[in-house]
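Okay, structure first, notes after.
Quick note: the coordinates plus some simple rules give every number you see, no bench work behind them. What you are looking at is a predicted structure, and each value in this text was computed from that prediction instead of being measured. Note that we place each Cβ from the backbone using ideal geometry, even for glycine, and neighbour counts take in every protein chain shown.
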Amino acid sequence: VLQIVKESQQQHGLRHGDFQRYRGYCSRRLRRLRKTLNFKMGNRHKFTGKKVTEEILSDNRYLLLILMDAERAWSYAMQLKQEANTEPRKRFHLLSRLRKAVKHAEELERLCESNRVDAKTKLEAQAYMAYLTGMLRFEHQEWKAAMEAFNKCKTIYEKLANAFTEEQAVLYNQRVEEISPNIRYCAYNIGDQSAMNELMQMRLRSGGTEGLLAEKLEALITQTRAKQAATMSEVEWRGRTVPVKIDKVRIFLLGLADNEAAIAQAENEETKERLFESLLSECRDAIQAVREELKPDQKQREHSLENDSGKVSNIQYLHSYLTFIKLSTAIKRNESMAKSLQKALLQQQRSDEDGKRTPRPQDLIRLYDIILQNLVELTQLPGLEEDKNFQKEVGLKTLVYKAYRCFFIAQSYVLVKKWSEALVLYERVLKYAREVQSGAGAHRNSLKELPDVQDLITQVNAEKYSLQAAAILDANDPHESESPSQVKDGKPLSERFETFCLDPSLVSKQVNLVHFPPGFQPIPCKPLFFDLALNHVAFPPLEDKVEQKAKSGLTGYIKGIFGFKS
């Protein structure tokens with residue numbers, strides 16, 4: 001049962017969440033099955049209801065009829081669930097279709113109790129019925145009944161997974177993973193507080209949930225944070241306490257620590273990137289809420305600036321704090337991406353792989369450019385212009401990232417064999433690194449999260465020696481200087497058969513084989529014949545050999561008209 005359902009869903013729309021397409025497929029398959037089994041419900045003029053009974057179970061396609069009926073009702077319910085976000089009245093129709101799906105599943109379970117059905121199909125039918133029952137109770141918010149149904153379904157699928165081979169067990173284990181969040185959600189609503197922590201961990205590990213539980217879980221997390229936000233009235237940052245009156249900002253600040261902890265515990269780069277994007281999105285929403293509060297309070301803020309001698313208002317300082325969080329998170333995200341690219345770059349140098357695009361130093365340069373731009377924006381935040389410690393910390397961070405940016409620019413010059421430019425950039429990296437070491441002092445705590453400058457100095461010193469050796473070898477290599485890739489004389493292939501050289505243009509679309517069209521060349525002219533002797537030759541007379549024509553008068557003219565000949 002589960003294999004048929006999953007294959008049908010994946011091939012007909014559910015891979016992309018298109019429940020309407022899958023419902024259409026179920027209807028068409030039902031029609032084909034009824035026609036093949038000659039099990040039609042009357043004709044076009046009259047409806048005659050028929051039921052599948054144990055007596056006619058001579059073909060397993062009769063069970064498919066009931067299964068497709070249940071799947072069609074379930075897919076229609078899921079389609080209505082998507083539409084119910086904008087049209088709440090459709091929720092009643094949704095519950096009706098889910099009840100219909102459960103009814104068909106109960107009928108399938110009853111038919112599978114026959115002796116003609118094997119034990120595996122009986123268990124799968126029971127699990128399928130328990131799954132749909134749990135979905136219906138879940139929508140009715142009958143948490144205890146839903147939890148019992150889901151637990152029954154989970155138990156059956158776990159036993160089936162243990163009884164068969166690993167390939168067959170994969171499908172059952174996937175279904176167990178699908179319903180596990182639903183069970184924990186039901187447990188939380190019943191009163192198990194530990195289930196909430198498990199749900200949060202599942203959400204953070206996967207970067208988000210899917211299916212029936214997604215919206216409810218997001219609403220639950222927001223609701224939980226909103227309850228905690230009711231007790232939060234202020235926030236302290238850099239020695240100044242600011243009241244927080246906007247609910248959306250309170251909720252964001254309460255969830256900030258959890259999100260940062262989840263990013264630190266992320267298992268892979270893809271999950272970490274998804275969590276970074278989620279955090280940045282929430283931060284942008286909070287900043288937008290603060291901006292809306294700033295607009296009507298513009299005149300009051302200007303008045304407060306005059307009275308306080310340049311001190312920004314509380315709402316403006318809160319905006320600066322949220323902007324600081326957004327820019328700091330963006331810097332951490334780009335730094336994480338840079339680290340993963342550096343690892344890929346090292347692996348590429350150790351083992352050259354073809355067939356896919358490999359990372360280049362230019363990709364890292366772009367990331368460090370964005371980081372430096374974010375640091376410039378940090379120094380311009382309102383309310384922090386006079387904070388010398390903050391400006392000093394940002395200045396040191398800027399030097400660190402400038403050093404790494406220069407390092408990868410030098411790496412890109414090494415690839416194109418511009419040795420002198422690369423050497424100058426390596427010296428610039430060492431200059432930046434020494435400035436960071438000399439100016440760190442009391443700001444070492446703020447530099448702990450940054451890349452280690454000492455490791456960079458060690459790497460640059462090693463790269464300098466490698467660069468000098470490569471430059472000497474390159475200068476002593478005569479073939480390299482004569483390489484056509486460096487000296488392009490424009491000669492076609494037909495004129496340099498005697499010289500071997502690697503010419504990548506020969507495999508391109510604009511290959512230079514011969515001069516075309518060919519140039520003009522001198523050739524011998526066709527001789528001219530002048531007959532000079534002809535002017536001095538005396539030809540013999542021929543009058544005696546030419547017939548003299550008879551003189552004709554009027555008589556001859558008349559005879560000629562009437563056709564008489566002499």
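Using a simple spin-label model with pseudo-atoms 7 Å out from Cα toward Cβ, GLU54 and GLU158 lie 3.2 nm apart. The length gained by stretching the chain between GLU498 and LYS392 to full extension, at 0.36 nm per residue less their Cα-Cα distance, is 31.6 nm. One way to sum up the overall shape of the range 387-473 is the equivalent ellipsoid from its Cα gyration tensor, whose semi-axes run 29, 11, 9 Å, largest first. Gain on full extension, evaluated as 0.36 nm per residue between GLU427 and ARG291 minus their Cα-Cα distance, stands at 44.5 nm. Label sites at SER420 and LYS103, each approximated as a point 7 angstrom past Cα along Cα to Cβ, lie 8.8 nm apart.
Placing a pseudo-label 7 Å from each Cα along the Cα-to-Cβ vector at LEU37 and ARG91 gives an inter-label distance of 3.7 nm.
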